[in-house]
Amino acid sequence: PTRPGDASVCLWEDDKLAAMSLGMDDNNAGDLPYWKELSKKYGGLNLALNLITSNIDGVVEKGRGASAGSWQTWQQMLKEGYHITSHSMTHNHDPVPSDGWPGPDWEAAESKRLLDSHLPGHKTKVFVYPGSGVHVFGILGGYYPNSTWRPSIVKYYAAARGGGGQPISEANMIDYFNIH
């Protein structure tokens, strides 16, 4: 730069101004043809598939197995270049400790373990927070940095996506465990 303060540091490839990710939550294996077509239509749009692991292959509820998909389904999506992230084990199925729910640490660790063990060659690095409708999954203080999930997520993942009406993360102020 010719003047002090005019320099900038490029955060993204080719000096792009921003980065964006698009994720499909909650498995919904029946919607994969739609997402594949959307990706193709927009020149290979990179999608993240945010998976709830407890019911893949119909483990918890046989009737929901089709919507949760199979490990083979998700392995094929990886082969096609899509990303896989953890969206927890149960996503609010029964997050009540008195009912036997083991807690957020189990949700984070077990989901990662299942994804990594059932998808050869894949290493799960990103967690996507489940909905905030139940207190223990929820947002304390109005945003995810204060979530009861954060201590567990930090132990097992490199980053976590938040969302839920929050503004887009500023490029130079990214909390990698609360990306919007």
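Scanning the range 155-166 for residues that are farther than 25 Å from SER70 by Cβ and surrounded by 15 or more Cβ atoms within 10 Å (Cβ to Cβ), we see that the one that is modelled with the highest pLDDT is ALA159.
For every residue, the table says whether it meets (1) in a loop (DSSP other than H, G, I, E, B); (2) of a type in the set (Ser, Thr, Tyr); (3) farther than 26 Å from SER152 by Cβ; (4) at pLDDT 90 or above.
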position: LEU32; (1), (2), (3), (4): no, no, yes, yes
position: LEU38; (1), (2), (3), (4): no, no, yes, yes
position: THR53; (1), (2), (3), (4): yes, yes, no, yes
position: GLY63; (1), (2), (3), (4): no, no, yes, no
position: LEU78; (1), (2), (3), (4): no, no, no, yes
position: THR85; (1), (2), (3), (4): no, yes, no, yes
position: ASN92; (1), (2), (3), (4): yes, no, no, no
position: SER98; (1), (2), (3), (4): no, yes, no, no
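Contact annotation: residue pairs with Cβ atoms under 6 Å, 6 or more positions apart or on different chains, pairing a residue in the range 102-130 that is open to solvent by less than 10 Å² (accessible area, probe 1.4 Å) with a partner that is among the β-branched types (Val, Ile, Thr), are ALA108/ILE153; SER111/THR53; LEU115/THR124; PHE127/ILE153; VAL128/THR85. For the condition part of a helix (DSSP H, G or I), under 17 Å from ALA48 (Cα atoms) and either modelled with pLDDT of 75 or more or among the basic types (Lys, Arg) (or both), SER111 qualifies. Reported count of residues in the range 1-30, each being assigned to a helix (DSSP H, G or I) and free of Cβ contacts under 8 Å to residues at least 40 places away in the same chain, is 4. Scanning the range 15-38 for residues that are over 19 Å from GLN75 (Cβ atoms) and aromatic (Phe, Trp, Tyr) yields a single hit, TYR34.
The values are calculated or read from the model by the stated rules, or taken from the named source; none is laboratory data. Because the structure is predicted, anything quoted here is derived from the model rather than measured. Cβ: placed from backbone, ideal geometry, glycine included. Neighbour counts: every protein chain shown. Note: areas computed on protein heavy atoms with side chains; ligands, DNA, RNA excluded. Shrake-Rupley method; radii C 1.70, N 1.55, O 1.52, S 1.80 Å.
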